[in-house]
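K.L.:
Have a look at this one before I ask anything.
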Amino acid sequence: MKSAVVVFPGINRERDMARALRLASGREPAMVWHADTALPAGTDLVVIPGGFSYGDYLRCGAIAARAPIMDAVRGFAAKGGLVLAICNGFQIACEAGLLPGVLMRNAQLRFICRDVYLRVERSDTPFTRGYNAGQVIRVPVAHGEGNYIADGETIARLESEGRVLFRYSSPDGMIDPNWNHNGAMNGIAGIINERGNVLGMMPHPENHVEASMGRTDGRGLFAGLLDHFKVAA
Amino acid sequence: MKARVTVTLKPGILDPQGKAIEGALRSLGVGGVTSVRQGKVFEIEIEGADRAGAEAALKSAAEKLLANTVIENYRIELGGQ
């Protein structure tokens, strides 16, 4: 699996992501600068990592979404290439039109930095094949704007097409407002695009891939991606 | 030419920041405030005297970057020279 991590000024999770990708695949990901206009040849997976691109000026992800490299990322996605957009990456993907909806300020107006529980809704996607449907994983979040909203029609489509892959839940998988820490509609933590090749999610699976971090719940995502490309090869 | 682009949240979009400001105004004893919605104002200087051209450029700026039209409306005002 050849992966490329897109780096914007103000991004700060790119090294965590590179480490998780290296541990999973045994290959060093390419770090691609925002001002570049092309992805490395043969890229299998593009990752837009978390952080505070351009200091969250204007709207989170708004300026990064218009950076030169994003035309290449859009072209890659349009050809069916897999794109993993985490945290600020999710905000960037929404602003870039790769995913529908918007990440608004958390309902309680607080920056939230802690572990949350996610229910994995499907296991039949390249991103979630390392998990079982209904499985609950525990991964960290760190965001002030993770409150997913979209118009009613978009939410209805996301739900009816099974495009919600991760939902904030209780430790035993119950969807409950008390466990929806940022107020996201329907507890949405992660969605895919219509074609199923772009995943945006607020939590950070890349931070729970090593026993030394206390948990390894995030490994399934990377192991699943690796499997996907092995089977495809 | 001076111009101003005002970006506001669409009706019905929750605005927790506006709500917090509303609460703060109430606690300051500012009377009669029933609702606050927070928005953004961009003061822009644009070259040339062609108002139609300036308006088209500002519309493009608002659509492409200044507003996220999923959740926000914008209004363009053109001033004098």
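K.L.:
Going through the cross-link list A:K79/B:K59; B:K19/B:K40; B:K10/B:K40, which pairs have a Cα-Cα distance over 20 Å in this structure?
P.N.:
A:K79/B:K59
K.L.:
Would you be so kind as to identify which of A:V141, A:V164, A:T125 lies farthest towards the positive end of the dipole of region A:107-167, taking Lys and Arg as +1 and Asp and Glu as -1 on Cβ and the Cα centre as origin?
P.N.:
A:V141
K.L.:
I'd like the distance separating the alpha-carbon centroids of region A:100-140 and region A:5-46, in whole Å.
P.N.:
22 Å
K.L.:
Can you give me the convex hull volume of the Cα atoms of region A:89-231, divided per residue and expressed in Å³?
P.N.:
Given the Cα convex hull of region A:89-231, per-residue volume reads 105 Å³.
K.L.:
Specify the inter-centroid distance of region A:211-229 and region B:12-81, based on alpha-carbon positions, in whole Å.
P.N.:
Their Cα centres are 43 Å away from one another.
K.L.:
To continue, here is another question. Between chains B and A, what is the buried accessible area summed over both chains (1.4 Å probe, protein heavy atoms, nearest 100 Å²)?
P.N.:
Roughly 1100 Å² of accessible surface disappears when B and A pair.
K.L.:
Keeping every protein chain present and rolling a 1.4 Å probe, give me the accessible area per residue for the protein assembly as shown in Å².
P.N.:
46 Å²
K.L.:
Name the residues of region B:1-48 whose accessible area, probed at 1.4 Å, falls by at least 30 Å² once all protein chains are in place instead of their chain on its own?
P.N.:
Those are B:P16, B:Q17, B:K40, which lose 30 Å² or more relative to the chain on its own.
K.L.:
Expressed as a whole percentage, what fraction of the accessible surface of the protein assembly as shown belongs to carbon and sulfur atoms when a 1.4 Å probe is rolled over the protein heavy atoms?
P.N.:
The value for the protein assembly as shown is 52 percent carbon and sulfur by accessible area.
K.L.:
Using only Cα atoms, what is the ratio of the radius of gyration of the protein assembly as shown to 2.2 N^0.38 Å? Walk me through the numbers on the way to the answer.
P.N.:
Numbers: Rg = 20.7 Å, N = 314, 2.2 N^0.38 = 19.6 Å.
This ratio for the protein assembly as shown stands at 1.06.
K.L.:
A further question on this structure: Among A:E210, A:E28, A:E153, determine the one that fluctuates most according to a GNM of chain A built with springs between C-alpha atoms less than 10 Å apart.
P.N.:
Per the Cα network of chain A with a 10 Å cutoff, A:E153 tops the list.
K.L.:
Indicate, rounded to the nearest 5 percent, the antiparallel portion of the DSSP beta bridges found entirely in region A:3-232.
P.N.:
60 percent
The values are calculated or read from the model by the stated rules, or taken from the named source; none is laboratory data. Here the structure is a predicted model, which means the values were calculated and not measured. Neighbour counts are summed over all protein chains in view; Cβ atoms, including those assigned to glycine, are modelled from backbone coordinates with ideal geometry. The area values use the complete protein model at the heavy-atom level, side chains included, leaving out ligands, DNA and RNA. Shrake-Rupley method; radii C 1.70, N 1.55, O 1.52, S 1.80 Å.
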